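S.K.: Okay, here's the structure, questions in a sec.
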Amino acid sequence: MEARVAQTQGRSLFRSDAVQKLMAFAGLIALFIVFSLSSPNFLTLNNIIGILLATAVNGVLALGATFVIIAAGIDLSVGTVMTFSAVMTGVFVVYWGLPIPLGIVGGILAGGLCGLVNGLVISRMKVPPFIATLGMLYATRGLSLVISGVKPIYFNDTPEFRDIAMGSVLGTLIPGLDIPNAVFILFGAAIVAGLILTRTVLGRYCFAIGSNEEATRLSGVNVDGWKAAVYALCGMFAGLGGVIMASRLNSAQPALGAGYELDAIAAVVIGGTSLRGGEGTVLGTIIGAFIISVLANGLRILSVPQEWQMVVTGAIVVLAVYADIIRRRQ
Amino acid sequence: MKQMRVLSLLAGATATAVLIVGCAAPRPAGTTGGAAQPAAAKPYIPVISKGFQHQFWQAVKLGSENAAKDFKVDITFEGPESEAQVDKQIEMLQTAIDKKPAAICLAALDSKAVIPLLEKAKAANIPVIGFDSGVDSDIPVATAATDNIAAAGYAADKMAELIGGAGEVAVIVHDQTSRTGIDRRDGFVNRIKEKYPNITIVDVQYGGGDHLKSTDLAKAIIQAHPSLKGFFGANEGSAIGVLNAVTEMKMEGKIVVIGYDAGKQQKEAVRSGVMAGAITQDPIGIGYKCVEAAVKAIKGEQLEKNIDTGFKWYDKTNIDADDIKPLLYD
């Protein structure tokens, strides 16, 4: 039964998703064309790499949020969980002197743990996701400051740590094409997220819970357990975001992260994932994240005042969802 | 029954949390005896800052704690989470006045919004000492602050000298509403306009003091203005953003970077020459002098209205000098 729910959902979604993705993609291309025509400094290899790099953190956060939103939940804590994971990575690598790979895994797991707590509070204690993750937002913001002693943790003694995001494996293979690793981490994470969403039980139940939680429960699925898993997964993506951020800044900045959750949610929504749950794609989220970065970068290059940049981003979020509603009506 | 149980559970949890936090929280600086000692033993001075997360405020806190020890007074140091939370700071000020302290030290986020409360303090005969930035009122008996306009103007002079008096320059400021943001921006921009007709300021942008956002912002500005010769970051977060942008785009040595304040990364960049130099205030001195002034005010001594805490220019040549080193926090 639950398989059928998921399957029919999946099939009927395929077409509408394709249209939505096409629209989002067309929007991205349109932005590219407009900015390229407006300034000769926009369409250059360096600037494209800059845009890709600027998307890395928000993109990874948005990937995690995609799962939660498809499952008809919301996670307001991704930004501060990211910061918390960055601080924990700093603690593991700098204070405890653990090897860097272990520190990275530890950072990602720290994020996963926060997500798991979110998931358990939501599924077992029946606290609405908005409230549970709001609580986590405050808690992790405070914990990051407490654990770091309100001081940034610097990775100066472990220069290899910076290479995780800012080194370029591609650049050593093909000289001159110095695309930082962070970009490939983003794409790798997107592929993993795509596989989880479309090829695993967890992904199928995400859609099933999001489209009809009660029906899924009645068909014998352990909804509470899977929900907890979805939030834990989101936390792990936030953890990965924290590692990328710490590596790029060569430091864990404990006061960062406020507002990052909104950028992530905006990327997911622009990418066509419905806040009502039950539908969404990884590709859409990635396109959504790029739209936000391209917009920020392009308007910056045109020297449009920042205040207006926020207004434009807001308008685009609403327009993207409105376009989706119109498409449904037809 | 069940409700009662939940209620008592909640009450118990709250009490435990308060106990834990109460024990973990550091005692007010200068307290030598136990918490049981009557507070009336020493004059109590609440220090209300603009924030506590940034390293700058931690250094101010250290200075005020040193003064508390030297002058045998009790202080508490608190501030809102971000420099936009004018309302939270007003609540803190209200609470501080209600405690009937001997004096209050205040770094006002909004130079006008606090005036009604200052009038209340005056009516209650509580002397108010301003620090870091002034208030549009003559109620504060003294203000210990850096002359930010003069300091940023000096940064402009240095910029002109280092780029040879001509070319394009850009600026990243932390925000467009706070007194320090406005003063540093205007101090820099006006000095360039008045004295250096051959220098054009191509862009002034605001990064909220967020390292990551300032980095992407600075990259876009450099991208948009390929012939940029100089870049000024008006606080620590902005300066680190400019620095990251210049190193990520491999423009070291091609763009003259001037920063503000200190911090480990900025100090290292100055040492290595990637950053030409920076303005430093005297945060420890600001904290110390405001508490010192408060003690004098309690004793009824006459005070100078403006206590200029000074600023210094530091670069590779003098970073380890005796008069600079103590001003630079990590």
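The values are calculated or read from the model by the stated rules, or taken from the named source; none is laboratory data. All values derive from a computational prediction rather than experimental measurement. Positions of Cβ are generated from backbone atoms using ideal geometry, with glycine treated the same way; all protein chains shown enter the neighbour counts. The protein model used for the area step is the full one, side chains on, heavy atoms only, and it has no ligands, DNA or RNA in it. Shrake-Rupley method; radii C 1.70, N 1.55, O 1.52, S 1.80 Å.
S.K.: For peptide B:51-59, what's the mean number of Cβ atoms from other chains within 10 Å of each residue's Cβ?
M.R.: 3
S.K.: Taking θ as phi - 60°, what are the ³J(HN,Hα) couplings along region A:181-194 by the Karplus curve (6.51, -1.76, 1.60), each to the nearest whole Hz, with x for Gly and Pro?
M.R.: So the J values, rounded to whole Hz, are 4, 3, 5, 6, 4, 4, 5, x, 4, 5, 5, 4, 4, x.
S.K.: Over what distance in Å are the Cα centres of region A:91-167 and region A:244-312 separated?
M.R.: So the separation of the two Cα centres works out to 20 Å.
S.K.: Compute the angle between helix B:148-163 and the longest alpha-carbon principal axis of chain B, please, reported from 0 to 90 degrees and rounded to the nearest 10.
M.R.: Orientation of helix B:148-163: about 20 degrees from the principal axis.
S.K.: Right, another one. Under 5 Å between amide hydrogens, which residues at least 5 positions from B:T76 or on another chain qualify, with H placed 1.01 Å from N in the peptide plane?
M.R.: Residues meeting the amide H criterion: B:I45, B:V47.
S.K.: Once phi is turned into ³J(HN,Hα) by the Karplus curve 6.51 cos²θ - 1.76 cosθ + 1.60 with θ = phi - 60°, what whole-Hz value does each residue of region B:190-203 show in order, with x for glycine and proline?
M.R.: Taking θ as phi minus 60°, the curve returns 5, 4, 4, 4, 6, 9, 10, x, 8, 9, 10, 8, 7, 7 Hz for region B:190-203.
S.K.: Taking +1 at the Cβ of each Lys and Arg and -1 at the Cβ of each Asp and Glu, which of B:S49, A:P99, A:L240 sits farthest along the dipole of the protein assembly as shown towards its positive end, judged by Cα position relative to the Cα centre?
M.R.: Of the candidates, A:L240 comes out farthest on the positive side.
S.K.: Which whole number gives the average count of other chain Cβ atoms within 10 Å of the Cβ atoms across peptide B:206-219?
M.R.: If you average over the peptide's residues, the count of other-chain Cβ atoms is 5.
S.K.: Using a 1.4 angstrom probe and counting only protein chains, how large is the accessible area of B:T143 in Å², to 10?
M.R.: Counting only protein heavy atoms, B:T143 exposes about 20 Å² to solvent.
S.K.: Pairing the Cα long axis of helix B:283-299 with the longest principal axis of chain B, what angle in degrees results, from 0 to 90 and rounded to the nearest 10?
M.R.: 40 degrees
S.K.: Percent of accessible area on chain A owned by carbon and sulfur, 1.4 Å probe?
M.R.: Numbers: 9640 of 13670 Å².
Reported share for carbon and sulfur atoms: 70 percent.
S.K.: Ok, one more. Amide H neighbours of B:L106 under 5 Å, at least 5 residues apart or on other chains, H built in the peptide plane: list them.
M.R.: Sorted by chain and number, the residues that satisfy this are B:I48, B:I129, B:G130, B:F131.
S.K.: A further question on this structure: Could you state the number of Å between the C-alpha centres of region B:237-293 and region B:92-131?
M.R.: Distance between centres, Cα-based: 32 Å.
S.K.: Work out the charge dipole of chain B with +1 on the Cβ of Lys and Arg and -1 on the Cβ of Asp and Glu about the Cα centre, then indicate which of B:G241, B:L217, B:P127 is farthest towards its positive end.
M.R.: The listed residue farthest towards the positive side: B:P127.
S.K.: Between A:W96 and A:I191, 0.36 nm times their residue separation minus their Cα-Cα distance comes to what? Don't skip to the answer; put the middle values down first.
M.R.: Working: separation 95, 0.36 × 95 = 34.20 nm, distance 3.23 nm.
31.0 nm is the gain from fully extending A:W96 to A:I191.
S.K.: Among DSSP beta bridges whose residues both lie in chain B, state the antiparallel percentage, nearest 5.
M.R.: On the way: 4 of 39 bridges.
Of those bridges, close to 10 percent are antiparallel.
S.K.: Another question, then. Within 10 Å of each Cβ of A:250-258, how many other protein chain Cβ atoms are there on average?
M.R.: Taking all residues of A:250-258 together, the mean is 5.
S.K.: I would also like to ask the following. Applying the Karplus parametrisation 6.51 cos²θ - 1.76 cosθ + 1.60 with θ = phi - 60° to the phi angles of region B:260-270, what ³J(HN,Hα) value in whole Hz is obtained for each residue in order, glycine and proline being reported as x?
M.R.: Couplings: 8, 6, 10, x, 4, 5, 5, 4, 5, 5, 5 Hz.
S.K.: Based on DSSP H runs of at least 4 residues, each adding -39500 (n - 2.57), what is the mean residue ellipticity at 222 nm of the protein assembly as shown after dividing by all its residues, to the nearest 500 deg cm²/dmol?
M.R.: Dividing the helical sum by the residues of the protein assembly as shown leaves -20000 deg cm²/dmol.
S.K.: Go through B:K158/B:K312; B:K264/B:K316; B:K250/B:K312; B:K195/B:K316; B:K193/B:K250; B:K72/B:K120 and tell me which ones have a Cα-Cα distance over 20 Å in this structure.
M.R.: The pairs that break the limit, which is 20 Å between Cα atoms, are B:K250/B:K312; B:K195/B:K316; B:K193/B:K250; B:K72/B:K120.
S.K.: Let me ask another. Which far-off residues, 5 or more places away or on another chain, put their amide H under 5 Å from the one on A:A71, with H placed in the peptide plane?
M.R.: When sequence neighbours closer than 5 places are left aside, the close amide H contacts are A:G278.
S.K.: Report the trypsin sites (Lys or Arg not before Pro) located in region A:19-128 that are in a DSSP loop and have at most 14 other Cβ atoms inside 10 Å of their Cβ, or state none. Display every interim value, and only then the final one.
M.R.: Details: sites: A:K21, A:R124, A:K126; in loops: A:R124, A:K126.
When the trypsin sites (Lys or Arg not before Pro) of region A:19-128 are filtered for loop state and at most 14 Cβ neighbours within 10 Å, A:R124, A:K126 remain.
S.K.: Quick check for me: using +1 on Lys/Arg Cβ and -1 on Asp/Glu Cβ, what's the dipole size of region A:2-329 about its Cα centre, in debye to the nearest 20?
M.R.: Rounded to the nearest 20 debye, it is 680 debye.
S.K.: Here's another thing I want to ask about it. For chain B, what is the charge dipole size about the Cα centre, in debye to the nearest 20, if Lys and Arg each add +1 at the Cβ and Asp and Glu each add -1 at the Cβ?
M.R.: Roughly 700 debye, rounded to the nearest 20.
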